[in-house]
Amino acid sequence: MADDLEWSDADRDAAKRAWNAIADEFNQWDALSLEEAVSWIVSFARHRMASTESLRAENARLTEERDALVEAAEYLIGQFKKVSRGVAVRDLDEALGAYDSAIAKVKGGTDAR
């Protein structure tokens with residue numbers, strides 16, 4: 001049953017600690033068979049793995065959203081450059097440099113994938 005899971009010793013220890021905390025509270029650990037105890041430990045480990053996958057999915061969604069916002073901002077800046085036809089280009093180029101620097105920091109510093 002537990003052989004089909006890929007988990008580290010840290011995952012297993014965390015699941016055991018979680019189960020022990022609950023078992024101590026309700027004094028149930030000694031009343032369970034070994035198979036029941038293993039079943040509970042596996043269920044805690046699966047929950048932890050599912051939570052990790054959920055966080056990874058949310059990170060991917062936020063990364064895609066951020067990238068879409070960057071793309072939209074770049075499009076708007078390009079349109080503004082076309083409309084201004086060189087008027088205020090110096091200020092715009094300075095702003096673009098700051099913008100590019102900020103985007104590089106965001107892309108390099110917060111993406112947990």
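The values are calculated or read from the model by the stated rules, or taken from the named source; none is laboratory data. All figures in this text were calculated on a predicted structure; none of them were measured in a lab. Glycine also receives a Cβ, built like all others from the backbone with ideal geometry; neighbour counts cover every protein chain displayed.
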message: Suppose the filter is charged (D, E, K, R), modelled with pLDDT of 85 or more and surrounded by 10 or more Cβ atoms within 10 Å (Cβ to Cβ); does R61 pass it?
response: yes
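Here is a check on your reading of the model: is K107 in a helix (DSSP H, G or I), within 18 Å of the chain's Cα centre (by Cα) and at pLDDT below 75?
yes
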